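Notes follow once the structure below has been shown.
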Amino acid sequence: MIGTDILAVKKLLEAGEVVGIPTETVYGLAGNALNDDAVLQIFKVKNRPQFDPLIVHTNSLEKVKTFVADFPPKAQQLAEAFWPGPLTLLLPKSEAISDLVTSGLGTVAVRIPNHPLTLELLSELDFPLAAPSANPFGYISPTSAQHVEKQLGKKIPYILDGGASQVGIESTIVGFEEEETVVYRLGGASVEAIENVVGPVRLVAHSSSNPKAPGMLKSHYSPRKPLFINALEEVVKAYDAQKVGYLTFKKTSPLVPAEHQRILSSSGSYAEAAKHLFAYMRQLDALEVEVICTELLPEKDLGRAINDRIRRAAVRE
Ligand code: TXA
Ligand code: MG
């Protein structure tokens, strides 16, 4: 069921159950990160391979520090600048974190999410929450409780409803190699904002086989309908225009019916576009169309992370 009963959610989590929780990025499928049975249940509900590690969520820097073996100065600077918020740090794990959560890796991904209900929940728990995005493996991430309900509702006892996710794309994943700051997944904290805090970063986020973030398979975030990038004219020639959906950044196209189009942000705001991206992909996927077309945004600010998600969702040769 969907609801706002934090106490009920707390009890379920304490009993080792897995529930849906809101965050500012996307909804998570959460369980007690210190309980291996609960962690196994997350992989099972999501149909996710166990070689793909989970992010550990908590509500204070003090608690984060008990889950990591080292917290370097750059991590401290980033934590102070972005937490609670859409940033995940990859750090050497402490004994407290089991190999199941990290898929046997020596690092653990940690994040303090920025959502009032989830922060309240986390403050009442005496364990952190392991939580991947609450979508079946391979599909678009959920940005509302209803998205979670639709796909996982029958498999979990409760979804905590915190409204629409305000950021709308997953957290940026950042780690450290020697002296370098490395971005492994583009996300809700822009590269520019991160560089303002710690100086230049190395981007490995576009790699399709990235050993540091094994979950970054290219097939992630896909709608069921084929999605084509920057090819509206060709697609309209090849298909009936009535069968084409169009996801556009700022303005509609005269080539396809208006009701088959979604504008990410008519004012050209990257933040607004990110907030709408996954919900609009789902809406277009649910229409009576055969294909979805989309355009890329300028490669800056959150446009980069949005384009990353669009590319991962797209049809490739
Ligand atoms: O915004 C988010 O990060 C959301 C919300 C719920 O917090 N969570 C999320 O989790 O996107 P998930 O599991 O869908 O994506 C986490 C990514 C995966 O690609 C995983 O491989 C990577 O983080 N990851 C987790 N732990 C890791 C580790 N120890 N080393 C390398 N990559 C890791
Ligand atoms: Mg995910």
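Taken together, the values in this text are just the output of simple stated rules run on the coordinates, not laboratory data. All values reported here derive from a predicted model rather than from experimental measurement. All Cβ positions, glycine included, derive from the backbone under ideal geometry; neighbour counts span all protein chains shown.
Relative to one another, the C-alpha centroids of the stretch 1-46 and the stretch 60-137 are positioned 15 Å apart.
Going by neighbour counts of Cβ atoms within 10 Å, the residues Lys93, Lys65, Lys300 line up, fewest first, as Lys300, Lys65, Lys93.
May I ask for the net charge around Lys250, where only other residues with Cβ less than 12 Å from the Cβ of Lys250 are counted and Lys, Arg are +1 while Asp, Glu are -1?
Details: positive: Lys251, Arg262; negative: Glu272, Glu295.
Once all neighbours under 12 Å are counted, the net charge is 0.
Both the radius of gyration and Dmax for the stretch 227-313 are 12.0, 35 Å, in that order, over alpha-carbon atoms. With the dipole of the stretch 2-203 worked out from charges on the C-beta (+1 for Lys and Arg, -1 for Asp and Glu) around the Cα centre, which of Ser103, Leu186, Gly153 lies farthest toward the positive end? Going by the Cα projections, it comes out as Gly153. Ranked by the mean number of other Cβ atoms within 10 Å per residue, highest first, peptides 120-127, 246-253, 235-242 order as 246-253, 120-127, 235-242. Here, the chain yields an orientationally averaged convex hull projection of 15.4 nm² when only Cα atoms define the hull.
How much of the DSSP bridge set in the chain is antiparallel, in percent, rounded to the nearest 5?
Values: 18 of 40 bridges.
That works out to approximately 45 percent antiparallel.
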